[in-house]
Ligand SMILES: Nc1ncnc2c1ncn2[C@@H]1O[C@H](COP(=O)(O)OP(=O)(O)O)[C@@H](O)[C@H]1O
Ligand code: SF4
Ligand SMILES: [Mg+2]
């Protein structure tokens, strides 16, 4: 399929597509986030919610971003769409998307077109973001029209199919208003809207938070299937590392606006290096393997106002804290296939397993 604009037919930003294969033959784009800093204006001045974050989303992979609430995950996701709203702004860095360029520089119409058509997204609390006055079907058609979709019937068919796969009666959902749907149903509608325009970069921010465990697992299985069928590059954001453990190829762990560890999911889960990653994994019974062994991570994550301005952002909760951690922010350094930002890892301090990493 091609994109129509002012009477001319343009090829998608992700290259030519055959009619037979349609959008499914498009290539999954790679994404390079480089030195990204996003600040919010507060009474104490502009404070960073995301600080000097670099992350690559390899084409065709699912990356999971994990971290407790307030870590900066949603702010980073919004930056991928250049959708950070005032009082926030991207203060530094680039977000290069294959075929599009540095979206941090995009404005107006260019940005509107990229969203939805090239970047599908579910914002956090998507269950509350539908228009209460219009049926889901009407909103679907609005979305299609605003992105120049010619075959609206095909769009509706696709929407019904996606909803059906997620266990919903597609026709009924499209005829419904927001208030007629449960939180979990609205969340699935959000996922459908993110996928229905056949964007090849898909960002899902807490896509399953309102769902019970079994439905969560089913929905993520479907996300994984659609991801593979269509050849997507997918980013899934969640505060629950257990949610993405089975679905993500790579994990990136955020804390206090910093990316503290990233790497292949299997490696990160089997042998976490950063004390924060260890704490997150240890808190999830499914990952620990024994419900009695799981331990909540003590303490609370920092807010924008309390995040340390120098030194390691995690030090207040870290049992491995050393003098250097109070003054020097640990740099993100390669560790095998991973990247880890921790002085203790740098110094290759061997931590006997079972010894607490947190105070
Ligand atoms: N509009 C805003 N104004 C001021 N601070 C904000 C705003 N949005 C988010 N923040 C702050 O930025 C930090 C990161 O928030 P967020 O990106 O939502 O984290 P997460 O998605 O990991 O929970 C938090 O401390 C949050 O309070
Ligand atoms: S050892 Fe130091 S650098 Fe590493 S997480 Fe703990 S406080 Fe941070
Ligand atoms: Mg969030």
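Sort 312, 318 so the one with the fewest other Cβ atoms within 10 Å of its own Cβ comes first.
318, 312
For segment 129-198, list log₁₀ I(q)/I(0) at each q in 0.22, 0.23, 0.26, 0.28 Å⁻¹, using the Debye formula over Cα point scatterers of equal strength and ignoring solvent, two decimals each.
For segment 129-198 at q = 0.22, 0.23, 0.26, 0.28 Å⁻¹, log10 I(q)/I(0) is -0.89, -0.98, -1.26, -1.45.
So if the hydrodynamic radius of segment 187-244 is defined as the Kirkwood radius over C-alpha pairs, what does Stokes-Einstein give as its diffusion coefficient at 20 °C and 1.002 mPa s, in µm² per second?
The calculation lands on 186 µm²/s.
Could you please rank 162, 304, placing first whichever residue has the fewest other Cβ atoms within 10 Å of its Cβ?
304, 162
For a quick size check, give me the Cα extents of segment 73-150 along its three principal axes, largest first, whole Å.
Largest to smallest, the principal-axis extents are 40, 28, 18 Å.
Express in nm, to one decimal, how much length is gained between residue 91 and residue 138 on full extension, taking 0.36 nm for each residue of separation and deducting their alpha carbon distance.
Length gained, residue 91 through residue 138: 13.2 nm.
Kirkwood hydrodynamic radius, segment 111-249, all distinct C-alpha pairs: what's the number in Å?
14.9 Å
Between the helical axis of 183-196 and the dominant principal axis of the chain, each derived from Cα atoms, what acute angle in degrees is found, rounded to the nearest 10?
With rounding to tens, the tilt is 70 degrees.
In segment 269-346, if every C-alpha pair distance is counted and binned at 10 Å from zero, what percent goes to each bin?
18, 44, 32, 7
Using the Kirkwood formula on the Cα atoms of the chain, what hydrodynamic radius do you get, in angstrom to one decimal?
21.3 Å
Using helices alone, I'd like the mean residue ellipticity at 222 nm for the chain: each DSSP H run of four-plus residues gives -39500 (n - 2.57), total over residue count, nearest 500.
-8500 deg cm²/dmol
Read the figures in this text as sums done on the coordinates, not as results from a lab. A quick note: this is a predicted structure, and the numbers were derived from the prediction, not measured. As a convention, Cβ positions derive from the backbone with ideal geometry for all residues, glycine included, and neighbour counts pool all protein chains shown.
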